[in-house]
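Some notes on the structure that comes next.
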There are 2 protein chains.
Amino acid sequence: MRWNLSPDDLPTAWFNVAPHLPAPLEPPLHPGTREPLGPEDLAPLFPVALIAQEVSAEPTIEIPGPVLDVLRLWRPTPLVRATRLEEALGTPARIYFKDESVSPAGSHKPNTAVPQAYYNKAEGVERLTTETGAGQWGSALAFASSLFGLECMVYMVRASYEQKPYRRMLMETWGARVLPSPVDDATHPGSLGSAISDAVRDAAGREDSHYSLGSVLNHVLLHQTIIGLEAKQQLELAGERLPDVVIGSCGGGSNLGGISLPFVPDAGVRLVAVEPESCPTLTAGRFDYDFGDTAGLTPLLPMYTLGHDFVPPPIHAGGLRYHGDSPIISSLVKAGRMEAIAYPQSKVFEAGVQFARTQGTVPAPETAHAIRAAIDEALAAKEQGEERVILFNYSGHGLLDLSAYDDYLHDRLMD
Amino acid sequence: MRWNLSPDDLPTAWFNVAPHLPAPLEPPLHPGTREPLGPEDLAPLFPVALIAQEVSAEPTIEIPGPVLDVLRLWRPTPLVRATRLEEALGTPARIYFKDESVSPAGSHKPNTAVPQAYYNKAEGVERLTTETGAGQWGSALAFASSLFGLECMVYMVRASYEQKPYRRMLMETWGARVLPSPVDDATHPGSLGSAISDAVRDAAGREDSHYSLGSVLNHVLLHQTIIGLEAKQQLELAGERLPDVVIGSCGGGSNLGGISLPFVPDAGVRLVAVEPESCPTLTAGRFDYDFGDTAGLTPLLPMYTLGHDFVPPPIHAGGLRYHGDSPIISSLVKAGRMEAIAYPQSKVFEAGVQFARTQGTVPAPETAHAIRAAIDEALAAKEQGEERVILFNYSGHGLLDLSAYDDYLHDRLMD
């Protein structure tokens, strides 16, 4: 069962969680002085509108018309009830998911790529630089840049660049330029942290260029709240009041924030972050100020971190291989408003295959983390004989990650 | 702009074009005797229900409930107006497309894979065999078999098996077994015709198995008419009466038949088949009885054909590399009710990239043929200052065909 909204029902404002946080966020610090950052420190990298959103205390922020026009190419996305999965599990729980895989780039990432491209274009920027690991974010920014007539330069973690040629080809089809990172060491497999360094260095050194980040920052999570806002409307159409639990996989926190932040004010709703055991930022990291990148070029953010020099093992959910986490998500976990759990990848792929063979679509490995947790919630509900309502974010499809399934199915996966 | 129908608005009967054809179809002939085929000749390969649909003269045929339940996982599919493409072309034409890429397998193929799996399951068949070239059909049958608990054995053209590992992995994720074809010559690159021979031979030799075909036959096109039936409802919602022209790419004829057959009775509506110049069945073939496969195991069908031993060049639109064509499509072209045009692949990929950079999604190379024709119709409308209404079938996405775009963008494509 699916609940579609009409393009006319698309939310016209984002939800700002700032007024609802248990405690105000600590400010980011300047990487050189370690003093609180001012807007002028960010101006070489970001447009004024995004810097304002980063610190806004307004409860909602209006979505510009040209952004809505592009989002309507695929939004509102469907809310789906996974009845075939429920039947296979024999659970009394009702499992709903928000299908973000229907975007042109195949994930939730365009929800922020589009407004970021728009605000940069509106301020006269001609070129955006960014990094990408698994390729979901780079694809999204390449897509958005193409639609707003911006040049797009993507630094792609070298290991992914070599192993995932389809992701590079997709970005190039939208007209982006893609280089393997680190650019100064062709023998290094790279990491998200070092690719951020490459992209920031490029943008900081050119008048015509800005930098664009696909997760972690407040404005990114703000743009993603359209997911949860739509889900609230659709759950009502489905005859539900509020979900008992909202689940999202968590790398930097953008898809999780997108679906869960609009539920923060709803006290009875449990919020759950799911991460890989091999990169356990929220479940085993420390809460501290840390850099967002390896080279220490970015501001210091207050967050759970494994240390900015942490190099996660090469698991298949590349989008979850990040040493840090969004300050908003970190603050919710620290305050106890959000739970965090971690899974090994074999359990995750088991869930991904079960989903594919019941509901039909193949999820991204990142998304399969959320599915694993949703299945375990549904099995717990069965155990306890409870009619639990579960909502998770189907953040992306796995069509460009099939080699990970191939490894799983042929016993080449390591935990 | 998009028009969604609710899952409750899904058509509950297929449209049978047989009563509306300009002339009755000539019967298929037995490959051995060359006498008209009886139902008993097909019983070793197909379930009774499908054999009955193959020769039915009823105007509509009811869709079974369990088939509707599965189709509702992604149907009704959206009707989209390509306003950004229209703007880029500066055309007064209104371009609509039916987005069949949203299915779990990424194309229109599951529309017939699901009922075929259902009818076989209902008759006690345990295992289906089939062939696949580009991989779209094999993926669809693997998906449908998974949902109905059938084993699925796919013979994949060896060249594709080696060049497109993601397609194999996708089928295996749904639990299918995939072998490169021809099975008896590991050095041969294979062809669709020889893979059909492998699959038919397998099914004919086993009690528990039937064979399944993804195009050409009447019952396949019947199942695909749900596309055109939905499009008619949606065009009305969009405020249009009838389209001036309906366009589909054509290999065996299933996506073209799906969108166009419900418009056959509407005399003013032009119907257009688009094929590759390198495999010009409708535009340069002869109308004659011919085999569907290389080995001559299948019945002889009355159709346009390039000869069953024709080996098309290795173009990227693998789904259009077939020597023959659906008897229904052939009959419409022969009678002048349908037009046929052919394009070289460079013109096709130019259209695919223009679509990706305006509308955002990357089309399958097969689908890009229809887009090329839609763009040329829109440019002709501009030339003539006409408000033409164009409808085409967006039969599938190109996410597993990105190496074709890579070749195009890096000048490695040959016409």
**Complete:** Expected integer from the mean partner chain Cβ neighbour count at 10 Å over B:398-405 is 5
**Request:** Report, in whole Å, the centroid distance computed from the Cα atoms of the stretch B:357-415 and the stretch A:359-379.
**Result:** 34 Å
**Size of electric dipole in the protein assembly as shown: Cβ of Lys, Arg +1 and of Asp, Glu -1, about Cα centre, debye, nearest 20** = 380 debye
**Message:** Per 0.36 nm of contour for each residue apart, how much would the distance between B:Tyr289 and B:Glu162 grow if the chain were fully extended, relative to their Cα-Cα spacing?
**Reply:** 42.4 nm
**Asked** How many nm is it between the label spots at B:Ala204 and A:Asp411, if each spot is 7 Å from the Cα in line with the beta carbon?
**Response** 3.8 nm
**Stretch gain in nm, segment B:Leu379-B:Ala335, where the contour uses 0.36 nm per residue and the Cα spacing is subtracted** = 13.1 nm
**Cα centre as origin, Lys/Arg/Asp/Glu Cβ charges: chain A dipole, Debye** = 680 debye
**Item:** Helical contribution to [θ] at 222 nm, DSSP H n ≥ 4, -39,500 (n - 2.57), averaged over the protein assembly as shown, rounded to 500
**Value:** -11000 deg cm²/dmol
**Prompt:** Shape call for the stretch A:146-219 from the C-alpha gyration tensor, a ≥ b ≥ c root eigenvalues: rounded (a/c under 1.5), prolate (a/b greater than b/c) or oblate?
**Reply:** oblate
**Message:** Compute, for the stretch B:1-93, the length of the dipole vector about the Cα centre, with Cβ point charges of +1 (Lys, Arg) and -1 (Asp, Glu) only. Units Debye, rounded to 20.
**Reply:** 480 debye
**Message:** Can you order the peptides B:169-178, B:5-14 by their average number of other Cβ atoms within 10 Å per residue, highest first?
**Reply:** B:169-178, B:5-14
**Message:** Just want the ordering: B:Tyr289, B:Tyr155, B:Tyr119, from fewest to most Cβ atoms lying within 10 Å of their own Cβ.
**Reply:** B:Tyr289, B:Tyr119, B:Tyr155
**Request:** Just list whichever of A:Lys121/A:Lys334; A:Lys98/B:Lys98; A:Lys109/B:Lys98; A:Lys232/A:Lys334; A:Lys232/B:Lys109; A:Lys109/B:Lys232 have alpha carbons separated by over 29 Å in the model shown.
**Result:** A:Lys121/A:Lys334; A:Lys232/B:Lys109; A:Lys109/B:Lys232
**Request:** Choose one of B:Thr187, A:Gly352, B:Val17: the residue whose Cα lies farthest towards the positive end of the charge dipole of the protein assembly as shown (beta-carbon charges +1 Lys, Arg; -1 Asp, Glu; about the Cα centre).
**Result:** B:Val17
**Asked** What is the stretch A:239-359 by shape, rounded, prolate or oblate, if you read a ≥ b ≥ c off the alpha carbon gyration tensor as root eigenvalues and call it rounded for a/c under 1.5, prolate for a/b larger than b/c, and oblate otherwise?
**Response** oblate
**For the stretch B:22-109, diffusion coefficient by Stokes-Einstein and Kirkwood Rh (Cα), 10 °C, 1.306 mPa s, µm²/s** = 91 µm²/s
**Message:** If you take each beta carbon of peptide B:94-107 and count the beta carbons of other chains within 10 angstrom, what is the mean?
**Reply:** 2
**Fill in**
In nm, the gap between the two label points placed 7 Å beyond Cα toward Cβ at B:Ala57 and A:Ala88 is 4.5 nm
**Complete:** Kirkwood Rh over alpha-carbon pairs of the protein assembly as shown plugged into Stokes-Einstein at 10 °C, 1.306 mPa s gives a D in µm²/s of 58 µm²/s
**Fill in**
Copies of A:Ala13 compared via label points 7 Å along Cα→Cβ give distances in nm, shortest first, of 5.0
**Request:** Only bridges with both residues in the stretch A:264-390 count here: give the DSSP antiparallel percent, nearest 5.
**Result:** 50 percent
**Item:** Inter-copy separations for A:Met1, label at 7 Å along Cα-Cβ, nm, ascending
**Value:** 3.2
**Item:** Relative contact order %, chain B, counting alpha carbon pairs below 8 Å whose residues are six or more apart
**Value:** 20 percent
**Asked** the stretch B:245-308 to the stretch B:132-176: how many Å between their Cα centroids?
**Response** 24 Å
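All of the numbers you see were taken from the coordinates with simple rules; none came from a lab. Model, not experiment: these values are computed from the prediction. For neighbour counting, all protein chains shown are included, and Cβ atoms are generated from backbone atoms with ideal geometry for every residue, glycine included.
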